[in-house]
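Here is the structure we will look at, set down as structure tokens.
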Amino acid sequence: MNRIENKKTIADSAKLFEQEVLELDSDVPRDELCDMVDDYLYYQADDVSRAEAKKVVDATCRAGET
């Protein structure tokens with residue numbers, strides 16, 4: 001995994017990571033997938049807090065959940 005060095009790209013990185021996980025395991029539960037995206041953003045993005053990562057996940061991975 002590459003570091004995310006620009007905060008402007010974290011939403012795109014979240015969607016890309018989500019797609020890559022789904023390609024590997026299309027049956028992964030949505031909550032688990034979103035948690036993986038959250039962890040990915042938090043640990044791979046420079047200067048991103050847990051709260052910021054959660055906001056991006058809410059806007060990308062969790063968007064449209066019922």
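Residue separation of Ser26 and Glu5 scaled by 0.36 nm, minus their Cα-Cα distance, works out to 4.7 nm of gained length.
Positive end of the dipole of the chain, charges at C-beta (+1 Lys, Arg; -1 Asp, Glu), about the Cα centre: which of Ala51, Ser26, Met36 has its Cα farthest in that direction? Selected residue: Ala51.
Taking all Cα pairs closer than 8 Å and separated by 6 or more residues, the relative contact order of the chain comes to 44 percent. In a DSSP loop and with at most 16 other Cβ atoms within 10 Å, the trypsin sites (Lys or Arg not before Pro) in the range 18-66 are Arg62. Output the 0 to 90 degree angle, nearest 10, between the alpha-carbon long axis of helix 10-24 and the longest principal axis computed from the alpha carbons of the chain. Value to nearest ten degrees: 30. Summarising the amide proton neighbourhood of Ile4: residues at separation of 5 or more, or on other chains, whose placed amide H is nearer than 5 Å comprise Ala45, Asp46.
Under a model in which nothing but the beta-carbon of Lys, Arg (+1) and Asp, Glu (-1) is charged, the range 7-59 shows a dipole of about 360 debye around its Cα centre. Exposure proxy shown here: for Ser49, Ser26, Ser13, the number of other Cβ atoms within 10 Å sets the order, fewest to most, as Ser26, Ser49, Ser13. Each of Thr60, Thr9 was scored by other Cβ atoms within 10 Å of its Cβ. Listed from fewest to most, they are Thr9, Thr60. Whole-Hz Karplus values for the range 34-45 come out as 5, 5, 5, 5, 4, 4, 4, 4, 4, 8, 9, 8 Hz, taken residue by residue from phi with 6.51 cos²θ - 1.76 cosθ + 1.60 and θ = phi - 60°; glycine and proline positions read x.
Here, each number is a calculation from the coordinates, and none is a lab measurement. In this text the structure is predicted, and so the values were computed from the model without any measurement. FYI the Cβ positions are ideal-geometry reconstructions off the backbone, even for glycines, and counts take in every protein chain you see.
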